Amino acid sequence: MVLNQMRLINYRNYEDASPIFTPGFNIIYGDNGQGKTNLLESIFLLLRGYSHRASSTKELIKFGEKTMFAALEFRDQDTTHNVSLKAENGKKGWKLDSKSESSFSKIQKLTGCILFEPNDLEIVKGGPDNRRRFINMELSGLIPPYKGYYRQFERVRLQRNALLKQAKLNNTPFDELRNSLRPWDNQLVQNAAKIYNLRNRYLKQLTNKSEKFYRGLVSPDEKLGLKYVTNIFDSEIPKDVNEISSVYKQVLESELENDLERGFTRKGPHSDDLEILVNDQNARLFASQGQQRTAAISLKLAHIDLYKENLNFLPVVLLDDILSELDINRQRNILSVLEGTQTFITCTNPSFSSHLKNEVNKIHISDGVIK
Ligand SMILES: Nc1ncnc2c1ncn2[C@@H]1O[C@H](COP(=O)(O)OP(=O)(O)O)[C@@H](O)[C@H]1O
Ligand SMILES: [Mg+2]
């Protein structure tokens, strides 16, 4: 997909802006605090259906205003589409090609974007919740039904936890608890099996592509690897959904006493982890800062190929403030990989773009005004 242009009205610090994009590199530059990340955020919002940095849509409305409007025109092979979001006092309205959409799901099928920002280093450096968030976020973008399964799983898990807590408090007999949990457990297992099945396929592809990416960025002898960490299955996640279901069901049963004691459901896709390995060692503990950064970038940019192979189109790439932290060689390698993919790069100094071969569109931003 390729973005043509957009319109922002009372979005964050933009009063009324109409940036125009090129299919190649779009370099968004300006001093700190001028609105560069806000612009990337608005692109992410219109392509993914939510903001990566706001917890409520209200934050997106310009201070002192009541409504916000953001619209994006993009091309998908030969068809041009328009997606827009209007937000006012707690309500939001999506439109696709001038038709109102009650949810983002139809738009999600047409769009894809990959965002990389400084915080994403935490995928490699931080605790397991960062890696779970990464998997959930990227898999939801790539395979939209995943989001629904995960949401459903979380809803049921929280219900189950509430029942466990209540049972502990009331000293409910064990058999009675087991009976009342049965319908919840069935739903939990069903959704977990779908989640595991999609994660399994996804992580196989991701391992393959990110490893290739990493080699290309660093050197052919350096190796990136991924290992899914779960205490549900003896070795790998089974291929067969029914087998996943029956194993997880057994785990829930054998853990019930412990879960009751703790008052929550410990084991499942919500507590798994992903080990990231550089040269066969845990990158979180042993990799250098440079290796960690390259590993994180590789994990993200590998999704270009995943979109291509699974959905038959290229996503757009958003790089927020990350080039300046890389040495010249890695910068060049990354930019050469991105040739052919529409890319948005924010920075304070756009001088690196002078050696780019492709068409470059420079957008200067000062206090929410585009020049
Ligand atoms: N809802 C809002 N209304 C008006 N201004 C906002 C809003 N949210 C953030 N801002 C302003 O946006 C600016 C930060 O923009 P940002 O895109 O993060 O800057 P940068 O160019 O450094 O990436 C700050 O000055 C902040 O006050
Ligand atoms: Mg910024």
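What share of Cα pairs, in percent, lie more than 27 angstrom apart in region 234-371? The proportion of pairs with Cα distances above 27 Å equals 49 percent.
Looking at the chain, what % of its DSSP beta bridges pair antiparallel, to the nearest 5? Walk me through the numbers on the way to the answer.
On the way: 41 of 59 bridges.
About 70 percent, rounded to the nearest 5.
Listed by chain and number, the lysines placed with their C-alpha closer than 24 angstrom to that of K209 are K109, K125, K147, K194, K223, K227, K239, K300, K308; residues fewer than eight positions away on the same chain are left out.
Using only side-chain charges placed at the Cβ, +1 for Lys and Arg and -1 for Asp and Glu, the dipole size of the chain relative to its Cα centre rounds to 680 debye.
Across q = 0.11, 0.20 Å⁻¹, region 19-115 modelled as identical point scatterers on its alpha-carbon atoms has Debye log10 I(q)/I(0) values of -0.34, -1.12, in the order of the q list. Over region 190-266, Cα pairs under 8 Å with separation of 6+ residues give a relative contact order of 36 percent.
Sequence-distant contacts, meaning Cα pairs under 8 Å at least 6 residues apart, place the relative contact order of region 54-108 at 25 percent.
All alpha carbon pair distances within the chain were sorted into 20 Å bins beginning at 0; the resulting P(r) in whole percents reads 26, 53, 20, 1. Computed on the chain, with alpha-carbon pairs under 8 angstrom and 6+ residues apart, the relative contact order is 28 percent. The calculated P(r) of region 204-300, using every Cα pair and 10 Å bins from 0, goes 15, 36, 24, 20, 5, 0 in percent.
So for each of 10-16, 100-106 I average, over its residues, the number of other beta carbons within 10 Å; can you give me the resulting order with the highest mean first?
Descending mean neighbour count gives 10-16, 100-106.
Dividing the summed -39500 (n - 2.57) terms of all DSSP H runs of n ≥ 4 by the residue count of the chain sets its mean residue ellipticity at 222 nm at -15000 deg cm²/dmol.
Output needed for region 34-78: three equivalent-ellipsoid semi-axes, defined as square roots of 5 times the C-alpha gyration tensor eigenvalues, in descending order, whole Å.
One finds semi-axes of 21, 12, 11 Å for region 34-78.
Taking the Cα centre of region 61-102 as reference, the dipole from Cβ charges on Lys and Arg (+1) and Asp and Glu (-1) amounts to some 300 debye. When only the Cβ of Lys, Arg, Asp and Glu is charged (+1, +1, -1, -1), the dipole of region 174-319 relative to its Cα centre reaches about 740 debye. Once you treat every alpha carbon in region 303-371 as an equal point and sum by Debye, what is log10 I(q)/I(0) at q = 0.15, 0.17, 0.23, 0.28 Å⁻¹? Here log10 of I(q) over I(0) equals -0.57, -0.71, -1.12, -1.39. If you take the Cα centroid of region 257-310 and the Cα centroid of region 187-216, the two points sit 11 Å apart.
No lab work stands behind these numbers, since they all come straight from the coordinates. Worth saying up front: this structure is predicted, and the values here are computed from it rather than measured. Heads up, the Cβs are rebuilt from the backbone with ideal geometry, glycines too, and the neighbour counts pull from every protein chain shown.
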